[in-house]
Amino acid sequence: MIRCMQCMEEYDERLDRCPHCHQQPQAPEPFQLPYGTMLDDRFLVGAMLGHGGFGITYIGWDTLLDQKVAIKEYLPMNLATRIDAQRTVTVYSDERRALFEKGRENFAKEARRLAMFNAEESIITVYHSFAENGTAYFVMEYIDGMSLKAYVASQGGKIPYDQALTNLMPVM
């Protein structure tokens, strides 16, 4: 049995694609952690779920709790990158290092702030945070679903006010 790097479900390695998500293994982007990377001797890194201004979010597997997780990595593309799929993050220049370090500190604070709300029903649960590979990570609950951006796009670019209010009130 092997674990699919796209959905983290196990399947027979003799199959050419995952029977759960129907995906074939795809090569990661050069700036991503290589598939199968172990972080903190516990978290198996899979496919990228998304990336934005300050980092990358991956699907992952917590080998201790035996469950699917989301792993957020601090990697602001305007300050740093990963060269040739190496694990360690490289800051572009000494001039940008101070900004990178300050951002990494704020990223760690964000994980701690989110963890304070773990008992709240509508806020994601943060399980763990740590530093490794010259950057920072936090591991949180994985929720299978569609992003708000994708949902709005699927509704023709807008959703009715009442529906938006219903969806957003628990978060607010």
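The values are calculated or read from the model by the stated rules, or taken from the named source; none is laboratory data. Since the model is a prediction, treat every value here as computed from it, not as a measurement. Neighbour counts run over all protein chains shown; Cβ positions are idealised from the backbone, glycine included. Calculation scope for accessible area: heavy atoms of the full protein, side chains included, ligands and nucleic acids excluded. Shrake-Rupley method; radii C 1.70, N 1.55, O 1.52, S 1.80 Å.
Yes or no, residue by residue, for (1) assigned to a loop (DSSP other than H, G, I, E, B); (2) within 17 Å of the chain's Cα centre (by Cα):
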position: SER122; (1), (2): yes, no
position: PHE130; (1), (2): no, yes
position: VAL139; (1), (2): no, yes
position: MET146; (1), (2): yes, yes
position: ALA153; (1), (2): no, no
On the basis of being touching a Leu at 6+ places or on another chain (Cβ under 9 Å), of a type in the set (Ser, Thr, Tyr) and closer than 28 Å to LEU148 by Cβ, does THR37 make the cut? no
Among the residues of the range 158-172, write down those that are free of Cβ contacts under 8 Å to residues at least 24 places away in the same chain and open to solvent by 50 Å² or more (accessible area, probe 1.4 Å). LYS158, PRO160, TYR161, ASP162, GLN163, LEU165, THR166, ASN167, LEU168, MET169, MET172
Can you name every residue in the range 37-62 that is loosely packed, with under 13 Cβ neighbours inside 10 Å and either polar (S, T, N, Q) or in a loop (DSSP other than H, G, I, E, B) (or both)? ASP41, GLY52, GLY53
Of the conditions (1) within 15 Å of the chain's Cα centre (by Cα); (2) open to solvent by less than 30 Å² (accessible area, probe 1.4 Å), LEU79 clears all except one; give me its number. (1)
Could you tell me which residue of the range 119-150 is most open to solvent (accessible area, probe 1.4 Å), considering only residues that are within 19 Å of MET48 (Cβ to Cβ) and of a type in the set (Val, Ile, Thr)? ILE143
Restricting to the range 83-118, and then to whatever is of a type in the set (Val, Ile, Thr) and closer than 13 Å to TYR137 by Cα, can you tell me which residue is most open to solvent (accessible area, probe 1.4 Å)? THR88
Residues (among the charged types (D, E, K, R) and either in a strand (DSSP E or B) or open to solvent by less than 50 Å² (accessible area, probe 1.4 Å) (or both)) located in the range 21-36: none
Of all the residues that make up the range 92-113, how many are touching a Leu at 6+ places or on another chain (Cβ under 9 Å) and in contact (Cβ under 8 Å) with a residue 24 or more places away in the chain? 2
Which of (1) over 12 Å from the mean Cα position of the chain (by Cα); (2) basic (Lys, Arg); (3) surrounded by fewer than 22 Cβ atoms within 10 Å (Cβ to Cβ) does LYS68 not meet, given it meets every other one? (1)
Mind counting the residues in the range 6-20 that are out of contact with any His (no Cβ under 6 Å at 6 or more places or on another chain), within 22 Å of ILE71 (Cα to Cα), open to solvent by 40 Å² or more (accessible area, probe 1.4 Å) and assigned to a loop (DSSP other than H, G, I, E, B)? 2
